[in-house]
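Peer 1: Quick one: the structure is below, and I'll ask about it shortly.
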Amino acid sequence: GVVAWTQNSQRGLREVSGPEKENFKREYDLHREIRLREFYSKMTCKGAEKAGDREVYVIEAATADGLTEALYFDVGSGLLVRRDVTLQGTTLQAYLEDYKDVDGIKVPFTIRRVRSDFSFTQKFDQVTHNIAIDDAKFSKPTAD
């Protein structure tokens, strides 16, 4: 879309722009993981390392607008298990866990997001592909 917005209890409703908007477009794209080549103009393998209890390949991915992200892929499964992105001086780590097969596609059913000042976890009971969603669900709310 053209307009990006966020709403939470700490900062209220606000539009986002610039690098933050570009990051939102990448972060919340429903097909993000299969469009990595479109999002990153350059990707470099930095080698293998330990991340927690697993061996991972670390990929440094750079966007056309200069944002650099670290992507961690499990050596055994090839699945993306972690992403680190620094935006406006703050690093956000996303841990993708509990992958399950949904219609032949591996999907993380738990996503933990960790920042220095807060963290939150999203846990999904069910994932369904290709359902109709009313466009009104994506409309920006009116400010109170």
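Peer 1: Label the range 4-61 by shape, choosing from rounded, prolate and oblate, from the square roots a ≥ b ≥ c of the eigenvalues of the Cα gyration tensor; if a/c is under 1.5 it is rounded, and otherwise prolate applies when a/b is larger than b/c, oblate when it is not.
Peer 2: Prolate, because a/c is 1.5 or more and a/b exceeds b/c.
Peer 1: Given points 7 Å out from each Cα along the Cα-Cβ axis, report the Ala70 to Lys123 separation in nanometres with one decimal.
Peer 2: Going by the 7 Å Cα→Cβ label model, 2.8 nm.
Peer 1: In debye to the nearest 20, how big a dipole does the range 93-140 give about its Cα centre with +1 on each Lys and Arg Cβ and -1 on each Asp and Glu Cβ? Spell out each step's value before the answer.
Peer 2: Working: 8 positive and 8 negative charges, 48 e Å.
Dipole about the Cα centre, nearest 20: 240 debye.
Peer 1: Taking mean projected area of the Cα convex hull in nm² straight from the coordinates, which label in (i) 8.2; (ii) 12.4; (iii) 10.3 is the correct one?
Peer 2: (iii)
Peer 1: If the reach is capped at under 23 angstrom between alpha carbons, list the lysines near Lys21, excluding any in the same chain fewer than eight residues apart.
Peer 2: Lys42, Lys137, Lys140
Peer 1: Report the convex hull volume per residue for the range 65-144, counting only C-alpha atoms, in Å³.
Peer 2: So the per-residue hull volume is 191 Å³.
Peer 1: Related question: About the Cα centre, and with charges only on the beta carbon of Lys, Arg (+1) and Asp, Glu (-1), how big is the dipole of the chain? Nearest 20 debye, please.
Peer 2: Roughly 180 debye, rounded to the nearest 20.
Peer 1: Output the 0 to 90 degree angle, nearest 10, between the alpha-carbon long axis of helix 18-27 and the longest principal axis computed from the alpha carbons of the chain.
Peer 2: Computed tilt is about 60 degrees.
Peer 1: Let me ask something else. Using a 1.4 angstrom probe, figure out how much accessible area the range 68-139 has per residue, in square angstrom, rounded to the nearest whole. Before the final figure, lay out each step's value.
Peer 2: Working: 4720 Å² over 72 residues.
Result: 66 Å² per residue.
Peer 1: I would also like to ask the following. Among 31-38, 8-15, how do they line up from the highest to the lowest mean number of other beta-carbon atoms within 10 Å?
Peer 2: 31-38, 8-15
Peer 1: Still on this structure: Normalising by the residue count of the chain, find the relative contact order in percent from Cα pairs under 8 Å and 6+ residues apart.
Peer 2: Numbers: 205 pairs, mean separation 15.8, N = 144.
Worked out over the chain, it gives 11 percent.
The values are calculated or read from the model by the stated rules, or taken from the named source; none is laboratory data. Note that this is a predicted model, so its numbers are computed, not measured. All Cβ positions, even for glycine, are placed from backbone atoms using ideal geometry, and neighbour counts span all protein chains on display. Note: accessible area is taken over every heavy atom of the protein model, side chains too, but ligands, DNA and RNA are not part of it. Shrake-Rupley method; radii C 1.70, N 1.55, O 1.52, S 1.80 Å.
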